[in-house]
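Undergrad: Right, I'll just put the structure down here and ask away after.
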Amino acid sequence: MTEPAAVPTPPDAPRIPYTRSFHGDHVTDPYHWMSDKTDPRLVAYLEAENAFTEAVTAGQAPLRERLYADIAARTQQTDLSVPLFVTHRGGDSFWYYSRSTEGLDYPRHCRLPAVDRDAIPDVTDPRPDEQVLLDLQQLAEGHEYLALGWSEVSPSGRLLAYSVDTAGDERYDLYVKDLATGALVDGPVTGVAAGGTWLGDEWLFYVRVDEAWRPHEVWRRRLWTPGAADTLVFHEPDDRFWVWVDGSRDYAYALIEVGSKLTSETHLIPTAEPEAPPRCVAPRREGVEYSVEVGPDALYIVHNADHPQFALARAPLDSTTADDWTPLVPGRDDRRLNSVTAYRRALVVTHRTEGLAGVAVLPLAADGAPGAWAELAFDEPLYDVDADADPDVDSDRFRFVYESMVTPPSLFEYSLVTGERRLLKTTPVLDHPERGPYRPADHIQERLWATAADGVRVPVSIVRRRDTPADGTAPCVLYGYGAYEISTSPFFSVARLSLLDEGFVYAIAHVRGGGELGRPWYDAGKLGRKATTFTDFIACARALVDHAYTRPDRLVAEGGSAGGLLMGAVANLAPELFRGIHAMVPFVDALTTTLNPDLPLTVTEWEEWGDPLHDREVYAYMKSYSPYDNVTRQRYPALLVTTSLNDTRVEVTEPAKWVAKLRDLATNDAADILLKTEMVAGHGGVSGRYRAWRERAFQLAWIMSLIA
């Protein structure tokens, strides 16, 4: 007689007395000790939770392998990006592209000498004159993790600056490579932020961070001068503001961009005068955000100085005040302007209208006056589109990427002369060995409008197979985010196809706090109205049930980071609506974190969540929804909590404390609550495509096993 499998015992985290006291409120927190990430007990607890999760999910291993095989089978693993034509100062032109190879986690970035930009080369097989600029697979040797931060060829095309992170903590090391010899000629400059820019071939700008990991300084570095000290160019003392640096597409200016959640400011330095002091385009005004695009003969500025949905203005290249801004495109209540790219022939504007992304072209007359707004039209009801900036301001074309929940990402070229568009490449979806070819027509994407508690209509994007019944019996995954004005557009996913093939419905709840319906949509889900994000998501879940897409015992919610906060909140508020919840790097101890100004991001986050340290009412409001503070003795949905040890955005402390408290109070079986920590990774999870596929296969197997 076969003995039944032993039931694993969940970890029991140590409880150490601690009381958090603010504004006369005293809260007992026995897991506060986990805030010290150097405490060996924390690592031991995380490893014990990993072992428990592995034991509980061991039976899912065959399903994980099948799902991983699905992703691998449908992905063209040896592939190329479409070569991009670039002419450098001095006249040398190249085709730039990336090459991925089956069996390798990371791509190679390459280039090929170019003559005619109309003749895109076939580089399926490497040519003798192909030059490998950066081999990320080689850089990853000896490391469990690799992320490329900044990578940019110098204006002459002779040098490459790049930065890498090998831990996941977003602390990068900066190097410079001579492309003629392949030798490193500078670096490492250690512990810097991801970005930077060139000023000619002799000078580099890069960004340093403070003790709270806030990018706050821009430094100038001179190459080819041994012993020369780097020079501080710009320092931002206000803890609410981040600093980053970029370069104009014509190599004429370095842009030092400074921003909080509500206010921004841009400074310019001519690359011809790298030691010149920064010149402010327009001094910051509280609540005014603007971004600057350097055009051939003017600055183009997207701003919210006179409309919350942003407007477009033009200013002289030497502008130093907003009084110089000449209106070009006024703000509109139903359209959120996002960005502008300036060419000599036209302006290309990205925006969001009626919940969807859009791209428009405004031709420019000889005197710089913009012509009529020409919208790029598409024939699917749901989609995402974004414009790529051509490096050449004199270009007669630009590229854009289009996708939907059923259409794989497709790269198009648009002519600024004729208005014609040309398909350059659609990301291949290979035939599945058992299910055959992927056919978009076999799937339906549609929009559902849920009615929120206050009567507001909330959009939900849905995709399913045509043969999936809409009778309430289908399993469903509902994804949500809802913060920072970030839009979750209807996107395509190869991994999602395995869910759809198994009869799942997949839905995205475009809740308030995100940017899908513009700035007012964001404002309605932040600060003192943050709970709207949670009640919107619950309304979306109920709408899926009411419209017979699924039922609560077959519905799984998923979200990460600020979307993980959403997952924690709805688990407390409406546990009966969900069979399971997957919370990724979840911001679940929001109040404790936001009370500590010494932690990374905290002060800059006060404009998003409020300042509970100095404001009693904000403290009380955040305490009312922060998931960790509101865990109660009740039955929760099954929970898979995934996180990373080196995450600097949402520290591993938060999900670890949350799971420990859930183990104390949830009335579920212990195996219903799982914590999985990547021990060498950051906020974005593991690096390397094959490891990422395995991680997603693990998550999908857990979701499918709940519904089986």
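Every read-out reported here was derived from the displayed coordinates using simple, explicitly stated rules and does not represent laboratory data. The structure presented is a predicted model; accordingly, all values stated were derived computationally and were not measured. All Cβ positions, glycine included, derive from the backbone under ideal geometry; neighbour counts span all protein chains shown.
Undergrad: Label 7 Å along Cα→Cβ of Ala441; the range 360-401 residues with amide nitrogen under 13 Å?
TA: Under cut-off, by backbone N: nothing.
Undergrad: What percent does the relative contact order of the range 77-134 come to when contacts are Cα pairs within less than 8 Å and at least six residues apart? Write out the running numbers ahead of the final one.
TA: Values: 96 pairs, mean separation 17.9, N = 58.
Computed over the range 77-134, the figure is 31 percent.
Undergrad: Separate question: How large is ³J(HN,Hα), in whole Hz, for each residue of the range 230-236 in order, when computed from phi with the Karplus curve 6.51 cos²θ - 1.76 cosθ + 1.60 and θ = phi - 60°, using x for Gly and Pro?
TA: Karplus values, whole Hz, x for Gly and Pro: 5, 10, 6, 9, 8, 10, 10.
Undergrad: Using a Förster distance of 30 angstrom, determine the FRET efficiency expected from the C-beta separation of Phe22 and Gln634, and round it to 0.05.
TA: 0.70
Undergrad: Among Met405, Met34, which comes first, second and so on when ranked by fewest other beta-carbon atoms within 10 Å? Spell out each step's value before the answer.
TA: On the way: Met405 28, Met34 25.
Fewest-to-most Cβ neighbours within 10 Å comes out as Met34, Met405.
Undergrad: How large is ³J(HN,Hα), in whole Hz, for each residue of the range 538-555 in order, when computed from phi with the Karplus curve 6.51 cos²θ - 1.76 cosθ + 1.60 and θ = phi - 60°, using x for Gly and Pro?
TA: Rounded to whole hertz, the list is 4, 4, 5, 4, 5, 5, 4, 5, 5, 9, 6, 7, 6, 9, x, 6, 10, 10.
Undergrad: OK, next. Starting from the Cα of Asp334, move 7 Å in the Cα-to-Cβ direction to define the label point; list residues of the range 499-533 whose amide nitrogen is under 19 Å from there.
TA: Counting only backbone N, you get 516-522.
Undergrad: When the Cα centres of the range 670-707 and the range 387-439 are compared, how far apart do they sit, in Å?
TA: Here the answer is 30 Å between Cα centres.
Undergrad: Tell me, what HN-Hα J-couplings in whole Hz come from the Karplus equation 6.51 cos²θ - 1.76 cosθ + 1.60 at θ = phi - 60° for each residue of the range 389-401, using x for Gly and Pro?
TA: 7, 5, x, 9, 5, 8, 4, 9, 7, 8, 10, 9, 10
Undergrad: Mind putting a number on the dipole of the chain about its Cα centre? Charges go on the C-beta only, +1 for Lys and Arg and -1 for Asp and Glu, and I need it in Debye to the nearest 20.
TA: 1360
Undergrad: Considering only lysines 8 or more places apart in sequence, or on different chains, count the pairs in the chain whose C-alpha atoms sit under 21 Å apart.
TA: Going through the chain pair by pair, I get 11.
Undergrad: Let me ask another. Once amide H atoms are placed 1.01 Å from N in the peptide plane, what residues at a sequence separation of 5 or more from Gly247, or on another chain, have their amide H within under 5 Å of its amide H?
TA: It is Leu255, by chain and number.
Undergrad: Could you work out how far apart the two model spin labels at Ala44 and His614 are, taking each label as a point 7 Å from the Cα in the direction of the beta carbon, and quote it in nm?
TA: 4.1
Undergrad: Taking the Cα centroid of the range 167-182 and of the range 70-118, what is the distance between the two, rounded to the nearest whole Å?
TA: Centre-to-centre distance over Cα atoms comes out at 19 Å.
Undergrad: Would you mind calculating the relative contact order of the range 324-443 from Cα pairs under 8 angstrom and at least 6 residues apart, reporting the percent as a whole number?
TA: Computed over the range 324-443, the figure is 15 percent.
Undergrad: Going by C-beta contacts inside 10 Å, put Ser163, Ser291, Ser319, Ser624 in order with the fewest on the left.
TA: Least crowded to most crowded, the residues run Ser624, Ser291, Ser319, Ser163.
Undergrad: Pull out a ≥ b ≥ c, the square roots of the eigenvalues of the alpha-carbon gyration tensor of the range 142-280, then state rounded if a/c is under 1.5, prolate if not and a/b is larger than b/c, and oblate in the remaining case.
TA: On the way: a/c = 1.78, a/b = 1.13, b/c = 1.58.
Oblate, since a/c reaches 1.5 and b/c is not below a/b.
Undergrad: What nm value, rounded to one decimal, do you get for the distance between Tyr690 and Val115 when each label is placed 7 Å out toward the C-beta?
TA: 4.0
Undergrad: If you don't mind, another one. Counting residues in the chain as N, plug N into 2.2 N^0.38 Å and put the Cα Rg over that result.
TA: That works out to 0.97 for the chain.
Undergrad: Starting with the fewest neighbours, write out Arg208, Arg457, Arg352 ranked by other beta-carbon atoms found within 10 Å of each beta-carbon.
TA: Sorted ascending by nearby Cβ count, the order is Arg457, Arg208, Arg352.
Undergrad: Here's something else I'd like to know. Just need the relative contact order of the chain here, percent rounded to a whole number, with Cα pairs under 8 Å and 6+ apart.
TA: Here the relative contact order equals 10 percent.
Undergrad: To the nearest 500 deg cm²/dmol, what mean residue ellipticity at 222 nm is calculated for the chain from DSSP H runs of n ≥ 4 alone, each contributing -39,500 (n - 2.57), summed and divided by the residues?
TA: -5500 deg cm²/dmol
Undergrad: Still on this model: Sequence-distant or interchain residues sharing an amide H contact under 5 Å with Phe234, placed H: which?
TA: The answer is Val218.
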